[in-house]
Amino acid sequence: MSNVFAKDLLVGKVAFVTGGGSGIGAGLARMLAAQGCKVALLGRTKEKLDAVAAHITETGGVAKVFPADVRKYDDVAAAVTGCVAEFGRLDVVVNSAAGNFLSPAASLSANGFRTVVDIDLCGTFNVSRAAFEHLAKTGGSIVSITATQAAVPTPLQCHAGAAKAGIEKLTRDLALEWGRSGVRVNAVAPGPIEGTEGMARLAPGDMPDALRKRVPLGRYGTIDEVCDAVLFLVSPAGNYVTGATLLIDGGTSLLGAGPFLDLMG
Ligand code: NAP
Ligand code: COA
């Protein structure tokens, strides 16, 4: 856990984190709990959510799991309602659930493309829509985790790139519509983050070493660094920020598609 912020910034608040059972989402859930939030965790695999909730509880926090698929609106809405029933309010929503894999566009099935858009983009809408009325009561905010693929053409990931670009546009539209209700909507776009499922899937074989050397800052990012960006946005430090996408990529996107061209063979 990074120590760059004051402690207890979010005491009394409630957070809802999708994809909270692993990787960046789990790190975000732990960070929000450490800052004082009661945390609801949503994902499809109950065992993964239980493990993160147990860690939060063991370290003095409060967490409850809501196994569900972000593609199913009624289940998402029930989870949000359950979170508010359990914890009494909702202040922070983090959309981190996503799916991705490497596939050439020419051989990607229509269902493969649709599946990733459904999880990433439609899932983000579903959760944001279900949470809105509760966030409006508390002046809460949403942060969605996108990726540099949203803006940088990236081989073998047209499905994820389209989905993440859609989330960034949705972020601006929701920020515009929901600003008068006091709900801020932002995104964080990480570059390569070490020790994650995303990197295991998207930079296989020898690629991690080659890619790392090309990152302008010369290294991969950490889950803690993504947490710090999200904490800035959901804390009072971010009170006048809405509709923004904050790049946390060590400068990787400055190079365009270059670092990823090895994927094309
Ligand atoms: P991860 O550990 O695989 O996290 C994705 C989470 O989403 C999993 O816990 C997964 O749990 C959940 N999920 C997937 N489909 C779901 C669905 N239909 N409904 C509900 N939950 C679902 O991968 P990660 O690398 O930490 O990625 C986290 C986020 O960061 C993603 O949005 C990703 O695009 C973004 N990102 C990652 C990197 C990176 O370097 N890793 C870079 C840029 C952006 P279940 O399978 O149990 O549902
Ligand atoms: N290459 C090409 N197509 C693939 C694929 C791959 N590696 N993996 C899945 N697909 C296709 C499937 O073939 C299927 O299409 P089809 O019906 O035309 O055959 C479609 O995608 C849906 O696959 P399915 O396994 O039924 O989807 P799911 O809903 O069970 O799982 C995924 C969703 C595919 C995104 C799965 O990888 C997942 O659950 N990922 C979550 C974790 C993750 O991706 N983390 C990294 C985040 S950056």
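No value in this document is a laboratory result; all are computed from the given coordinates. Bear in mind that the values here come from a model prediction, so they are computed numbers and not experimental data. Reconstructed Cβ throughout: ideal geometry from the backbone, glycine too, with neighbour counts over all protein chains shown.
Residue ranges 101-111, 40-50, 200-210 sort as 40-50, 200-210, 101-111 when ordered by packing (mean number of other C-beta atoms within 10 Å per residue, highest first). This model, with +1 at the C-beta of Lys and Arg and -1 at the C-beta of Asp and Glu, gives region 9-59 a dipole about its Cα centre of some 140 debye.
How much of the pair distance distribution for the chain lies past 33 Å, counting alpha-carbon pairs only, in percent? Here the tail beyond 33 Å accounts for 15 percent of pairs.
Listed by chain and number, the lysines placed with their C-alpha closer than 29 angstrom to that of Lys164 are Lys13, Lys38, Lys46, Lys48, Lys64, Lys72, Lys137, Lys213; residues fewer than eight positions away on the same chain are left out. Each part reduced to its alpha carbon centroid, region 126-143 and region 1-40 end up 17 Å apart.
Relative contact order of region 110-257: 29 percent, from C-alpha pairs under 8 Å at least 6 residues apart in sequence. Ranked from largest, the principal axis spans of the Cα set of region 41-158 equal 48, 31, 25 Å. Computed about its Cα centre, the charge dipole of the chain is approximately 340 debye, with only Lys, Arg, Asp and Glu carrying charge at their Cβ. Take every Cα pair under 8 Å whose residues are at least 6 apart in sequence, average their separation, divide by the length of the chain, and the relative contact order is 18 percent.
Residue exposure proxy: Cys158, Cys227, Cys37, ordered by other Cβ atoms within 10 angstrom of their Cβ from fewest to most, comes out as Cys158, Cys227, Cys37. Residue exposure proxy: Val143, Val17, ordered by other Cβ atoms within 10 angstrom of their Cβ from fewest to most, comes out as Val143, Val17. Between the residues Pro190, Ala200, Ala237, the greatest Cα displacement towards the positive end of the dipole of the chain, with unit charges on the Cβ of Lys, Arg, Asp and Glu, is found for Ala237.
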